[in-house]
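First the structure, in the form of structure tokens, and then the observations on it.
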Amino acid sequence: VCLAACQSAAPIVVRKALSIAGDSVDATELVSAAARYGNEGAVIWLLRRYDIDLTDTVDGDDLATLLLRSAVKCDMREVADLVLQRSAQVRSSQWMTAQIRELVTEAVRTDQFSLAITAIQKYDVDCSALVTAEGSVLHLAIRALITNLCLVDAIMTHGGQALCDATDKLGDTALHKACRETDPDVVMTLINRYGMDVNSRGAGGDTVLHCVVRKWDSTSSGDLIRAILERCTSTVVNAVNEAGDTALSLALDKQDLVLVGDLIGKHGADPTDSGVGGNALTLAASRGDQQLVERILDCPHVPDGFVDMMPPRGV
């Protein structure tokens with residue numbers, strides 16, 4: 001009955017069941033059961049009511065570790081705080097550091113944003129030291145469906161420049177990942193607020209410019225693309241990735257007239273070399289897009305005689 005109460009009942013019901021059971025109960029077993037089922041009220045009450053040894057072993061783990069993992073799984077912030085407070089009195093600083101780092105990492109991984117932010121700020125966690133198989137903790141926070149900018153801010157405040165430069169197992173920085181998976185607002189925040197480098201290379205030799213041109217166009221995300229272009233060096237504008245693509249060849253593939261014009265006319269993209277596909281005119285003609293051809297030829301800085309590179313019709 002006590003176990004059943006700990007799984008889901010309110011603390012007042014747990015207290016009643018325990019008063020009937022008397023001294024025969026195993027408080028360690030009860031608190032671990034309450035934690036597994038996410039009954040935060042029961043866990044808090046049991047920890048405060050009984051002198052429970054958090055170093056006891058339960059199912060191969062010490063009780064404190066089990067409670068902290070359950071706190072992350074079930075978003076029990078008060079439980080995490082109480083367990084860490086009590087553990088600090090009897091555990092080494094190394095143990096505490098390891099447990100707090102695991103708690104933050106798993107909270108970020110499982111979208112427990114409030115728990116992660118609270119722990120980072122309260123325990124002054126060095127987020128640059130939180131490295132996972134996937135990459136830094138900042139990489140974990142950058143999500144395709146939801147990126148919590150308050151969490152990103154907490155991580156960056158406690159991680160600094162090291163997180164800007166860190167790469168994941170594929171070679172992408174957090175900025176590359178944001179360009180590939182999230183929305184323009186997240187990317188702009190990383191660039192404007194944290195000064196992330198748009199000139200770095202990522203997976204497959206992609207620059208940040210490759211990533212944004214591949215995913216977005218000038219109609220839907222013109223402000224973002226312009227902001228990145230303004231920060232790109234001329235070398236990066238003309239960079240070729242491992243697939244042989246330049247930003248210009250990707251824009252030509254999408255037949256984005258505005259972006260093609262900006263790349264060539266304003267930002268120094270070389271129309272005579274657009275990667276493995278040849279020059280810009282060849283690529284435009286291969287798509288049968290006369291408007292695209294005319295847009296290229298109208299651009300400032302197109303070299304004299306460039307029109308002679310135009311392939312014959314039908315070729």
Provide a single number: the residues in the range 91-110 that are more than 16 Å from A64 (Cα to Cα) and either hydrophobic (A, V, I, L, M, F, W, C) or surrounded by fewer than 18 Cβ atoms within 10 Å (Cβ to Cβ) (or both). 4
Selection count, the range 263-276, where residues are modelled with pLDDT under 75 and crowded, with 17+ Cβ neighbours inside 10 Å: 2
Say whether the condition of being closer than 27 Å to K215 by Cα and surrounded by fewer than 14 Cβ atoms within 10 Å (Cβ to Cβ) is met by at least one residue in the range 111-133. yes
The range 159-176: number of residues that are open to solvent by 40 Å² or more (accessible area, probe 1.4 Å) and either at pLDDT 95 or above or not hydrophobic (A, V, I, L, M, F, W, C) (or both): 4
Every residue from the range 206-227 that is among the hydrophobic types (A, V, I, L, M, F, W, C) and either without any contact (Cβ under 8 Å) to a residue 24 or more places away in the chain or in a helix (DSSP H, G or I) (or both): V208, L209, C211, V212, V213, L224, I225, A227
Candidates E242, E230 - the one that is outside any helix (DSSP H, G or I), surrounded by fewer than 18 Cβ atoms within 10 Å (Cβ to Cβ) and of a type in the set (D, E, K, R): E242
Name the single residue that is nearest to the chain's Cα centre (by Cα) among those in the range 58-74 being modelled with pLDDT under 90 and open to solvent by 50 Å² or more (accessible area, probe 1.4 Å). D61
Going by what's in this entry, would R295 be described as under 26 Å from S220 (Cβ atoms) and at pLDDT below 80? no
Taking V152 as the residue in question, decide whether it is in contact with a Leu (Cβ under 9 Å, 6 or more places away or on another chain), open to solvent by less than 10 Å² (accessible area, probe 1.4 Å) and assigned to a loop (DSSP other than H, G, I, E, B). no
Filter the range 22-36 for residues that are at pLDDT below 85 and either outside any helix (DSSP H, G or I) or of a type in the set (K, R) (or both) and give the result. V25, D26
Please state which one of T235, T207 is among the hydroxyl-bearing types (S, T, Y), under 25 Å from the mean Cα position of the chain (by Cα) and closer than 30 Å to G135 by Cβ. T207
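The values are calculated or read from the model by the stated rules, or taken from the named source; none is laboratory data. Please read these numbers as outputs of a predicted model, since none were measured by experiment. Methodologically, a virtual Cβ is constructed for each residue, glycine included, from the backbone with ideal geometry; neighbour enumeration extends over all protein chains shown. Calculation scope for accessible area: heavy atoms of the full protein, side chains included, ligands and nucleic acids excluded. Shrake-Rupley method; radii C 1.70, N 1.55, O 1.52, S 1.80 Å.
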